[in-house]
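First the structure, in the form of structure tokens, and then the observations on it.
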Amino acid sequence: MNSWQFNNGVLKTNVPPAFSLDACLSCGQTFLFTKTKSDGWHGAVNGKAILLKQQSDILYIENSTEEDIPFWHNFFAFDVDYAPLQTAFVKDEFLANAVLFEPGIRVLRQPFFETLLMFIISQNNNIPRISGIVGRLCEAYGTPVSYKNFSGHTFPTAQQMASCTVESLAFLRAGFRAKYIVDAVQCVTKGTVTQERLATLNTEEARKLLLQIKGVGPKVADCVLLFACGRFEVCPMDVWMMRVMQTYYPNGFPAEIEPFAGIAQQYLFHYARHNATLFDDKG
DNA sequence: ACCCAGGCCAGAC
DNA sequence: GTCTGGCATGGG
């Protein structure tokens, strides 16, 4: 188990074996951070501008206080021991390739509302354009924060967006997704769909509740359950993942992998993105 | 010009 | 219940 220390505005902790900050933040599960010219990651997260750095097995979080420790501990899911889990993964011939390709990945627990909107926005969309839309969203509704040479805006809370309408969101150029964003904001501010409420439900019920939001289908719902709610057994199914399951796991994941199917999926997703040709014509 | 993008909705069978 | 076209916009 890692332990945290605080000194002079900087949190630091020892990280688990093989942990890679770069891998965690660039493997496609989050868009909250931008890589700096040097070796760190800037972000407007947890209500402030922070700078994340990893040097060997130490993780530094600059511009923080001791009160931020629970947030980051939960964010990186340091309560989850990856050792037994990776042991199970590498016993599987297909999954072993993906894990060994980038063993530093961990599935994060990201803020709920941000994750919900991010994946609504990302449907049928490409990453550069997603970044543009989210940038405009934060600038308009978020809180300005800065640290050192970085200044940005936090991702807005649902409350900060409470008054938005399809018309007032036109500047986002989010296209048909604008009405989905409005409905998500309404559901969260009215308390119909909240992280607290989802936490009281089992995974199947939680999925059903998320599906009540317009523009949230099975894919987005599962991404929220996995990336924000820590339901690590949930495996978001895009067309590519469907093909992988049909080809390599026609009877589903092995029993020891199933409880962490979402984490397995993230290793596979990252592996596939960097080895696109390996996965053509498999199904 | 053309195709595609971590999908989803509405309407047609 | 399952399948298909259309969707807003912009990057490659």
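Every number in this text was worked out from the coordinates using simple rules, so none of it is lab data. As the structure is a computational prediction, the values presented were derived from the model and not from experiment. For neighbour counting, all protein chains shown are included, and Cβ atoms are generated from backbone atoms with ideal geometry for every residue, glycine included.
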(message) From the mean inverse distance of alpha carbon pairs (Kirkwood) and the Cα radius of gyration, derive Rg over Rh for the stretch A:210-281.
(response) 0.99
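Once R0 is set to 25 Å, what does the formula 1/(1 + (r/R0)^6) return for the Cβ-Cβ distance between A:Thr192 and A:Glu167, expressed as a FRET efficiency to the nearest 0.05?
Numbers: r = 23 Å, r/R0 = 0.91.
For A:Thr192 and A:Glu167, the calculated efficiency is 0.65.
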(request) Using label points projected 7 Å from each Cα along Cα→Cβ, tell me how many nm separate A:Asn149 and A:Phe94, to one decimal. (result) 4.6 nm
(request) Apply the Karplus parameterisation 6.51 cos²θ - 1.76 cosθ + 1.60, with θ equal to phi minus 60°, to every residue of the stretch A:148-154 and state each ³J(HN,Hα) to the nearest whole Hz, in sequence, with x for glycine and proline. (result) 6, 8, 9, 9, x, 10, 5
(request) Please order A:Thr65, A:Thr115, A:Thr13 by the number of other Cβ within 10 Å, starting at the fewest. (result) A:Thr65, A:Thr13, A:Thr115
(request) Would you mind classifying the stretch A:76-217 by shape? Square roots of the alpha carbon gyration tensor eigenvalues, ordered a ≥ b ≥ c; an a/c under 1.5 is rounded, otherwise it is prolate if a/b is larger than b/c and oblate if not. (result) prolate
(request) Could you name the lysines whose alpha carbon sits less than 23 Å from that of A:Lys219, not counting residues in the same chain fewer than 8 places away? (result) A:Lys179, A:Lys208, A:Lys282
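Grab the DSSP H runs of chain A that are 4 residues or longer, score each as -39,500 (n - 2.57), total them, divide by all residues and round the 222 nm result to the nearest 500 deg cm²/dmol.
On the way: 12 runs with 115 residues, N = 283.
Rounded to the nearest 500, the figure is -11500 deg cm²/dmol.
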(request) Pairs of lysines 8 or more apart, or on different chains, with alpha carbons under 30 Å: count those in the stretch A:1-111, would you? (result) 8
(request) Specify which residue in the list A:Leu210, A:Ala228, A:Met242 is farthest towards the positive end of the charge dipole of the stretch A:206-252, using unit charges on the beta carbon of Lys, Arg (+1) and Asp, Glu (-1), about the Cα centre. (result) A:Leu210
(request) Quick one: check the C-alpha center-to-center distance for the stretch A:98-134 versus the stretch A:218-254, whole angstrom. (result) 15 Å
